[in-house]
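Below you'll find the structure, written out as structure tokens, and then a few comments.
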Amino acid sequence: MAAPPSRPALRERYDRRQQEVVDAAAGVFARRGYDQTTVQELAKEVGIAAGGLYHYFGSKEQLLIRICDELMDPLLARIEPLVADETVDPAQQLRAVVRLWVEHVCTHRDHMLVFQQERHVIEHGAQWRGVRTTRKRFERMIEDLLGRGGREGALRFDDRRVALSALLGMVNHTAQWYRPRGRLTPQEIADGYVDLLVP
């Protein structure tokens, strides 16, 4: 992989093109599967020469890691400020968090499908530790929010861990069935999930 350019205008173009490669690769891997997609096929879909792909990523696996990273890192950056303010009603906080979360899953549907289908490829490598650490941090934030909501009577569930697992399953599985022109918007889907936990 070539070093990114240092001049701002060139770096901006490089970053934009690299992001286009990530998004296109997520679509290809989601449709065909990671193992079933050759570098040549991927490059053709992206619209660059096979060697050009290595200008942006050192390997196909590195590209897969980037796809997985884009699921959690931007989401955490948006959700952390919402969860940090403990003066807000936990049910309102949870609704805001789940709305962002569902929106993120829907707009990164290919990324989520790739993660769900292909995590076995990377889950034992050193790079997977970073992905796993970020996911655990996200899960702890949601679990803490559920715990506070339960203590304050703002949320209804018998077991916080079961509630967390249910929420993770529902939201993450949205990628499997959501359609942009479907009956429900991402916000309506999110509100439906949260309503299951609000007394």
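Open to solvent by 60 Å² or more (accessible area, probe 1.4 Å) and of a type in the set (Ser, Thr, Tyr): which single residue out of Thr107, Thr134 fits that description?
Going through Thr107, Thr134 in turn, just one is open to solvent by 60 Å² or more (accessible area, probe 1.4 Å) and of a type in the set (Ser, Thr, Tyr): Thr107.
Just the residues that are open to solvent by 10 Å² or more (accessible area, probe 1.4 Å) and polar (S, T, N, Q), please, taken from the stretch 60-104.
Gln62, Thr87, Gln92
So which residues in the stretch 160-187 are farther than 13 Å from Val98 by Cα, open to solvent by 60 Å² or more (accessible area, probe 1.4 Å), of a type outside the set (Val, Ile, Thr) and out of contact with any Gly (no Cβ under 9 Å at 6 or more places or on another chain)?
If the condition is that a residue be farther than 13 Å from Val98 by Cα, open to solvent by 60 Å² or more (accessible area, probe 1.4 Å), of a type outside the set (Val, Ile, Thr) and out of contact with any Gly (no Cβ under 9 Å at 6 or more places or on another chain), then Arg161, Ser165, His173, Gln176, Trp177, Arg179, Pro180, Arg181, Arg183 are the ones that fit.
On the given criteria, is Gln40 in contact with a helix residue (DSSP H, G or I) (Cβ under 7 Å, 6 or more places away or on another chain), of a type outside the set (D, E, K, R) and open to solvent by 60 Å² or more (accessible area, probe 1.4 Å)?
So Gln40 passes the test.
Could you tell me whether any residue of the stretch 122-133 is more than 17 Å from the chain's Cα centre (by Cα) and part of a helix (DSSP H, G or I)? Walk me through it before giving the result.
The first filter runs over the stretch 122-133 and keeps only residues more than 17 Å from the chain's Cα centre (by Cα), leaving 124-126.
Adding the requirement that they be part of a helix (DSSP H, G or I) leaves 126.
Checked against the condition, which is being more than 17 Å from the chain's Cα centre (by Cα) and part of a helix (DSSP H, G or I), the stretch 122-133 yields at least one hit.
Tally time: how many residues in the stretch 176-188 are assigned to a helix (DSSP H, G or I) and within 17 Å of the chain's Cα centre (by Cα)?
Counting residues in the stretch 176-188 that are assigned to a helix (DSSP H, G or I) and within 17 Å of the chain's Cα centre (by Cα) gives 4.
The values are calculated or read from the model by the stated rules, or taken from the named source; none is laboratory data. No experiment lies behind these values; they were computed from the predicted model shown. Ideal geometry is used to build each Cβ from the backbone, glycine not excepted, and the neighbour counts take in all protein chains shown. To get the accessible areas, we keep the full protein, side chains included, count just its heavy atoms, and leave off ligands, DNA and RNA. Shrake-Rupley method; radii C 1.70, N 1.55, O 1.52, S 1.80 Å.
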